1. Can you tell me the dipole magnitude for the chain around its Cα centre, using point charges on the Cβ only (Lys, Arg +1; Asp, Glu -1), in Debye to the nearest 20?
2. Could you order the peptides 526-534, 505-513, 216-224 from most to least packed, using the average number of other C-beta atoms within 10 Å per residue?
3. Counting Lys and Arg as +1 and Asp and Glu as -1, what is the net charge of the other residues whose Cβ lies under 9 Å from the Cβ of residue 307?
4. Calculate, for residue 460 and residue 437, the FRET efficiency according to 1/(1 + (r/R0)^6) with r their C-beta to C-beta distance and R0 25 Å; round to the nearest 0.05.
5. Using the Cβ atoms and a cut-off under 15 Å, what net charge is assigned to the surroundings of residue 536, where Lys and Arg are +1 and Asp and Glu are -1?
6. What is the Cα radius of gyration of segment 442-544 over 2.2 N^0.38 Å, N being its residue count?
7. Return one quarter of the surface area of the convex hull spanned by the alpha-carbon atoms of segment 136-254, equal to its mean projected area, in nm².
8. Hey, any idea what Rg/Rh is for the chain, computing Rh the Kirkwood way over Cα pairs?
Amino acid sequence: MGRHERGTVSCSLPRVRRLGVHTIAYHKDFLGWIPAGRKYVASRNSTRTITLEQLAQPDSEGYLMAEIPIGDSDTDFYTVETRLFAGYDDEIPDEAVVIHKVDTTLADRLAQVVDIDNNGDPNDAGAMWTPGEIFTDLANGIEVSVDAARSTSFQVTIAYTVCADSLSSTHQFFAGRGGSNGVGVRAPSGCSWAAVSNSSWLRITAGSSGSGPGRVSYAVTANPNPTARTGTLSIGGWTFTVTQAGVNDTLFEDDMENGTVGWSVDSPWALTTTASRSETRAWTDSPGGNYQNDLNVALWSPIIDLTEFTSATLTFWHRFDFASGDSGNVWVAGTEDGQNEHLQTFTGTRTTWQQASIDLSPFVGERIHLVFQLVSDAALTADGWYIDDVAVFSPDLVTPEPPEPPPPPQARLENPSLGSSQSGVGIISGWACEAQEIVIELAGSPVPAVYGTPRGDTRRVCGDSNNGFSLLVNWSDLGAGEHAIRALVDGVEFARTTVRVTTFGVDFLRGASGTFDLPNFPSAGATTVIQWEESLQNFVIIPY
């Protein structure tokens, strides 16, 4: 993330605060105080200039807040709002646009002020965005430009550009000892992207930025804790998640997003979307809101095979609200002898998600079920037990790391450029240092290109000069509209782009002719004469 300026920006000294000020836009929106029509939500690959009215005593028109999603997350986003001296906001430090980064999975302080100087003071100039300043989050393709100040508002331009197509994968599990790996970035030629780590133990070692197809390499430090942890990389507007075991390795894992497969339940246990630690689902004993009285019901996991291991650890995330005298119990049930063994009991109330860790080493060599049991014997009801992200780890399980892929080819597609307009007969061209074959894929059909033409400008990079490639193409054969082009060296993609083709409605126009004057081109007072050339299916310049 960064800040840059256009022109000179000045900030007055903070005013002395004597009264409470208005709450932030995120909280007002959460409480339903901001009408849907006055909240701008940025969509991918959009740029829009909007008017953000002051949050206190706003005019009847204009947006009261903007929301910008972060990558493909459902829980992370930015909010943008205007704070001016008005009403209770008369005591704010100064007039400015304020940006918050929101993470709804946090237990506290879900919305954090974007303070570019990171000095811990959310009331200084670093947290105030004023005309001429631009907030950027390159890894997520986000830019917020404060363009101008009005009497009751600021004019703001929000650009949300995600040109990368996708990542080669979205999630990776790691053993507690750590390791290294990489993730591919699928992007067209000319698409610039960046990668940042959002976790201190997850470090990018190569590929922190790139253009077109690329790869981000990363390293995971050893986890000193017995419990699993999760971190993310933001790459070109996409989120890559790394889950790392504690001191052990994963041999069973379920985040409840694949349904009830393998689980057995006593009613009223069921999956719910009312509350979850990750994604959208969790198990609960009270899908209706409050659990029933006088229950003794259980949730049974799929079979977990510990026969080949010498130690194991169970972790799960949960929250609970048990009435007095009621409890939630964790058991192990053996599949061979049918014996149950009690592991742990939870009572009382814990309203935030917490991770529990239980040693399963006494059961190695066996095949077991995990059992989560609600016991209720009182004439009272409460919200009950919610369970998510159940996992079992063992240090005996070794996860080999995949080999590093070969480096991408040293090659470049120079023509056509991304998003260009094409018609008639043209040339697709570029260069590659080493290749047996250059293939251009047009609308899904591979066509070999001519390779090995002299390119003296590539000698410094390649060490020789016979590196050019080209392909003559009649754009009308593709048909009118937008088309994708891929370039491959010996089957490995090194460039991707799109063009927009315009035609006369036929593959090859015959019998047409004409000469035309272009006044004031290429400069004022000049005239250029063009003539239709059938062999090129295009116009050429002729002497005036």
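1. With only Lys, Arg, Asp and Glu charged at Cβ, the dipole is about 1640 debye.
2. 216-224, 526-534, 505-513
3. Net local charge, residue 307 excluded: -2.
4. So the FRET efficiency works out to roughly 0.55.
5. -3
6. 1.44
7. Spelled out: convex hull of the Cα atoms, projected over all directions, averaged, 9.6 nm².
8. Looking at the chain, the ratio lands at 1.07.
The values are calculated or read from the model by the stated rules, or taken from the named source; none is laboratory data. Note that the coordinates shown come from a computational prediction; the quantities given were computed from them, not determined experimentally. Glycine gets a Cβ as well: all are built from the backbone with ideal geometry, and neighbour counts include every protein chain shown. These area figures cover heavy atoms from the full protein model, side chains too; ligands, DNA and RNA do not enter into them. Shrake-Rupley method; radii C 1.70, N 1.55, O 1.52, S 1.80 Å.
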